[in-house]
1. Hey, Thr33 hits all of (1) of a type outside the set (D, E, K, R); (2) in a helix (DSSP H, G or I); (3) in contact with a Phe, Trp or Tyr (Cβ under 6 Å, 6 or more places away or on another chain) but one; which does it fall short on?
2. Being at pLDDT below 95, of a type outside the set (Val, Ile, Thr) and surrounded by fewer than 21 Cβ atoms within 10 Å (Cβ to Cβ) narrows it down to one residue among Cys8, Cys72, Cys53, Cys34; which is it?
3. How many residues, within region 1-30, are basic (Lys, Arg) and either more than 14 Å from the chain's Cα centre (by Cα) or in a loop (DSSP other than H, G, I, E, B) (or both)?
4. Exactly one condition in (1) out of contact with any strand residue (DSSP E or B) (no Cβ under 6 Å at 6 or more places or on another chain); (2) assigned to a helix (DSSP H, G or I); (3) of a type outside the set (Ser, Thr, Tyr); (4) over 19 Å from Tyr119 (Cα atoms) is not met by Val49; state its number.
5. In region 52-87, which residues are in a helix (DSSP H, G or I), closer than 14 Å to Arg24 by Cβ and of a type in the set (S, T, N, Q)?
Amino acid sequence: MAKKKEGCAALKKKLDNVFSQYIRMRDHGICFTCGKVGEIKEMQAGHYVSRACLPLRYDEKNVHCQCFVCNCMKHGELITYRENLVGLYGEKEVERLELMRHHTAKFTAEKYKEMLDYYSNRVKVMSGG
C-alpha cells in the first residue's frame, strides 16, 4: 500500500512548529519587545504583520521571539515592535513588510516541504546535531 501524501494543512502545521522553534533559538529566548529572557520552549514566535498574511508568515524579518505577555496579552506590542524593526533593518524594510500585508500567496505541498527541510536543518545545526 502506498504511503499517503501529506497535505498542505499538515505540512503547514509542521512548518509552523519548526519555524517557531528556529526563531526562538535564533533570538536566544530574548523577547524582541521587552527584553525578557526566557526558556526557549516557553517563548513564542511573534509576528509583526499577522501570520494570517501567508507571504510574511515565514519571513524571518517579520518574526521575532516574544514572551507570552508581549505577544498575546499586549497583542504583539506593535509600536515597540515596529521601533525595534526600524532600528534593526531600517525604515525601508519595515515599509516593505507593511506593504506586503496586502499581498496573497498560496504555497504548494512541495514549497512547504522545502521550507520544512530548510528550517528543520537550521534547528538541527543550532542544536548541535
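1. The number of the failed condition is (2).
2. Numbers: Cys72 fails: at pLDDT below 95; Cys53 fails: at pLDDT below 95; Cys34 fails: at pLDDT below 95.
Among Cys8, Cys72, Cys53, Cys34, only Cys8 is at pLDDT below 95, of a type outside the set (Val, Ile, Thr) and surrounded by fewer than 21 Cβ atoms within 10 Å (Cβ to Cβ).
3. Filtering region 1-30 down to residues basic (Lys, Arg) leaves 3-5, 12-14, 24, 26.
Imposing the further condition that a residue be either more than 14 Å from the chain's Cα centre (by Cα) or in a loop (DSSP other than H, G, I, E, B) (or both) reduces the set to 3-5.
The number of residues fulfilling the criteria is 3.
4. Here Val49 clears every test but (2).
5. Step one: filter region 52-87 for residues in a helix (DSSP H, G or I), giving 54-57, 68-73, 78-87.
If we keep only those that are closer than 14 Å to Arg24 by Cβ as well, we get 68, 70-71.
Listed by number, the list holds a single entry, Asn71.
The values are calculated or read from the model by the stated rules, or taken from the named source; none is laboratory data. These numbers were taken from a predicted model, which means no experiment stands behind them. In this analysis, Cβ positions are derived from the backbone assuming ideal geometry, glycine residues included, and neighbour counts consider all displayed protein chains.
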